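Here the structure comes first, spelled out in C-alpha cells, and everything after it is commentary.
The values are calculated or read from the model by the stated rules, or taken from the named source; none is laboratory data. Here the structure is a predicted model, which is why all the values come from computation and not from measurement. Cβ atoms come from the backbone with ideal geometry, glycine included; neighbour counts cover every protein chain shown. Only protein heavy atoms, including side chains, enter the accessible area calculation; ligands, DNA and RNA are left aside. Shrake-Rupley method; radii C 1.70, N 1.55, O 1.52, S 1.80 Å.
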Amino acid sequence: MATLGAHKKHKVTVVGSGNWGTTMSKLVAENVKAYPTLFEEQVDVWVYEEEVTLPKESRHYDPSSELASKPQKLSELFNKLHENVKYLPGITLPSNVVANPDLVDSCKDSTILVFVLPHQFIPRVCDQLAGKIVPYARAICCTKGVDVSEKGIRLMSEAIGMRLNIYCGALSGANIATEIAQEKYSETTVAYDPPPMDSRAPTPKGSPNASMVDLISPSRPVPSERSARLKALPNEYPPLSHENVRKLFHRPYFHVRIVDDVVGVSLGGALKNIIAIAAGFVDGLGWGDNAKAAVMRVGILEMVKFGKEFFPDSAKTSTFTEESCGVADVITSCMGGRNFRCAKMATERGESIYEIEQKELNGQKLQGTSTAYEVNSFLKHQGLESEFPLFTAVYNILEGNAKPEDIPELIEPKI
Ligand SMILES: NC(=O)C1=CN([C@@H]2O[C@H](COP(=O)(O)OP(=O)(O)OC[C@H]3O[C@@H](n4cnc5c(N)ncnc54)[C@H](O)[C@@H]3O)[C@@H](O)[C@H]2O)C=CC1
Ligand SMILES: O=C(CO)COP(=O)(O)O
C-alpha cells in the first residue's frame, strides 16, 4: 500500500530475548533493513538481564579466553558478539539488533511492540510499561499461553491490549525457533485485525477486533468501548495494513499468512502445548507413534471444541485446521518441541517435568505445564472438566493424581 503523506517510520521493539524472542529479533531486523521507508533501522530487544559465561555452543567459545569463565552481562555480550550466547548460541544476529536491559527505555518511541516473553511474565512486564509507551503503538503477541483469573480466561494478546490500552494482534505457527534461526523453511500465521480508526488499512473481514471479544466476564469492556478508547495511528506513519505487517515478519525462509482471527491463532498456540505434554508422556512410555497420534487427535478435537464453546463468535474452526497455528503446530510441537521433549524425558527417567525443565532447558521455560493448570482451573470453574478429558488428564498427571499409563482410559469417551 502507498505511504502517501507518511514521513515518519515505525520503530520496532521486541520485548523478550529467549530462544524465540531472539529469533524474532533476527528476522524482524532483517526485514526493517529490507523496507527502509517503513521502518527505522534499529530494532531494540528487551533483555531480562542476567550474568552468563560463554557456552561451548557459542561461535566465540574459546576455553582459554576469559570470556569462557568470567560471568558477564547477557545484554553486553549480545551487543559485543551479536549473539545471544545463552538462549540462541551459535547464531549470528544482524548488527541492527540492539539489546537493552531497560524495559521502558527499550520501548520508548516504538510504534510496534513485538511481545515474545514466556506468558507468566506478560502481566508484570505490561504493568511496568503501562503509560510509558506511545499511546498509538500497536502490538503483536508471539507468546503462547492464556491468562486465567477468577474473572475468566483471557488470551495473551488480549491481556497485552487491555493492560497497555493498545491494539494487539497475534503471531503463532509451527515454529520451532532454532530451525527458523537457522533459516530453515517454515510457515506462520499472523492475526491482525486492525482497529477501525487505522482506516487507511484495508477493511478486514469479521469483527472489528476479535481479540477483545469477552464471553466469560461481563465486567470486561465490550469491543466498541475499547475501540473508542484506542488512539489512532497518526497519518505521518505508514499505515499498519496487512501488507505492511506482513513485510515486518515475512522472510524467504519464514512464510507468513495473515488472517483476522486473533482468538483462533492465540488459542491454538496456547492449547497445543498441553497436547505436546500428553504426546511426550505416551512417547516416554515407549508406546510408539500410534499412541502419539491418538492423543494428538483427541487434543485437536478439544482445541476446536474449546474455541467453539468459549469463543463462539470469534474463533474459527478453519483457523485450527487450515493455518499453521493449528494442526501444523500440534504436529511440530509433538515431534520436537520442548514441552514434548521434557514430558518424554520425565516419563523415561521417572522424574518430575519441573526437575527436567530445570536440568535440561538452561533457563528456557515450558509453557504447557502452567497452561494445563490455568485451563484446568477455568474448566473446573465452568464445571466442564469431563468435557475436555485430555486437557484434564494432563493436569491430573502433573498433579500426581494419575499416571501417563492411565491416558487411554482417561480419554476414552464415557458411554
Ligand atoms: N522457543 C520456541 O521454539 C518458540 C517459543 N514460542 C513462545 O514464545 C514465548 C517466549 O519463549 P522463548 O523466547 O522461547 O523464551 P525461553 O523459554 O527460551 O526463555 C525464557 C525467557 O524468559 C526470560 N525471563 C526469565 N525470568 C524472567 C522474568 N522474571 N521476567 C521476564 N523475563 C524473564 C529469560 O530471560 C528468557 O528470555 C513462549 O510463550 C513460547 O511458548 C513460540 C514459538 C516458538
Ligand atoms: O511453539 C513451539 C513450536 O511452534 C515451540 O514449542 P515448545 O515451547 O514446546 O518448544
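Loop-located GluC sites (Glu not before Pro) across region 125-200 with a Cβ neighbour count of 15 or fewer within 10 Å are GLU150, GLU183, with loop assigned by DSSP. Structural descriptor for the chain: relative contact order 15 percent, calculated from alpha carbon pairs under 8 angstrom and at least 6 residues apart. Loop-located GluC sites (Glu not before Pro) in region 333-368 (DSSP state other than H, G, I, E, B) with a sparse environment of at most 16 neighbouring Cβ atoms within 10 Å: GLU351. Principal axis extents of the Cα atoms in the chain, from largest to smallest and rounded to whole angstrom, are 65, 61, 35.
Over the residues of the chain, the helix contribution to mean residue ellipticity at 222 nm works out to -12500 deg cm²/dmol, using -39500 (n - 2.57) for each DSSP H run of at least 4.
Shown is the FRET efficiency for SER352 and GLU243, computed with R0 = 56 Å from the Cβ-Cβ distance and rounded to the nearest 0.05: 0.75. Work out the charge dipole of the chain with +1 on the Cβ of Lys and Arg and -1 on the Cβ of Asp and Glu about the Cα centre, then indicate which of PRO89, ALA294, GLY350 is farthest towards its positive end. Of PRO89, ALA294, GLY350, it is PRO89.
Mean Kyte-Doolittle hydropathy of -0.5 or higher plus an axial Cα length of 24 Å or more: which whole DSSP H helices in the chain meet both? Helices passing the filter in the chain: 262-284, 289-310. Full extension of the chain between ALA232 and GLU412 yields a length gain of 59.7 nm, computed as 0.36 nm times the residue separation minus the alpha carbon distance.
How large is the Kirkwood hydrodynamic radius of region 25-135, counting all unique pairs of alpha carbons, in Å? By the Kirkwood definition, the hydrodynamic radius is 15.2 Å. Computed about its Cα centre, the charge dipole of region 10-260 is approximately 440 debye, with only Lys, Arg, Asp and Glu carrying charge at their Cβ. Full extension of the chain segment joining ASP62 with ALA34 gains 6.7 nm, where the gain is 0.36 nm per residue of separation less the Cα-Cα distance.
Past 18 Å, Cα to Cα, is the threshold; run LYS247/LYS272; LYS305/LYS380; LYS272/LYS308; LYS365/LYS403; LYS292/LYS403; LYS11/LYS108 against it and keep the listed order. Among LYS247/LYS272; LYS305/LYS380; LYS272/LYS308; LYS365/LYS403; LYS292/LYS403; LYS11/LYS108, the Cα-Cα distance tops 18 Å for LYS247/LYS272; LYS365/LYS403.
Model label sites at SER318 and LYS70, defined 7 Å from Cα along the beta-carbon direction, differ in position by 6.0 nm. Extending 7 Å from the Cα toward the beta-carbon at both GLU50 and LYS80 defines two label points whose distance is 1.9 nm.
Each of ARG257 and GLN382 was given a label point 7 Å from its Cα along the Cα-to-Cβ line. The distance between the two points is 2.6 nm.
For region 264-411, the spread of Cα coordinates along the three principal axes comes to 44, 31, 31 Å, biggest extent given first. Taking a sphere under 15 Å around the Cβ of HIS381 and counting the other residues whose Cβ falls inside, with K and R at +1 and D and E at -1, yields a net charge of -3. Measuring max minus min along each principal axis, the C-alpha atoms of region 330-415 give extents of 42, 26, 24 Å (largest first). Per residue, the chain exposes an accessible area of 41 Å² to a 1.4 Å probe, with every protein chain left in place. The trypsin sites (Lys or Arg not before Pro) of region 154-185 that meet both conditions, a loop assignment by DSSP and at most 15 other Cβ atoms within 10 Å of the site Cβ, are LYS184. Maximal additional length on extending the ASP102-LYS305 stretch stands at 69.0 nm, based on 0.36 nm per residue less the C-alpha distance.
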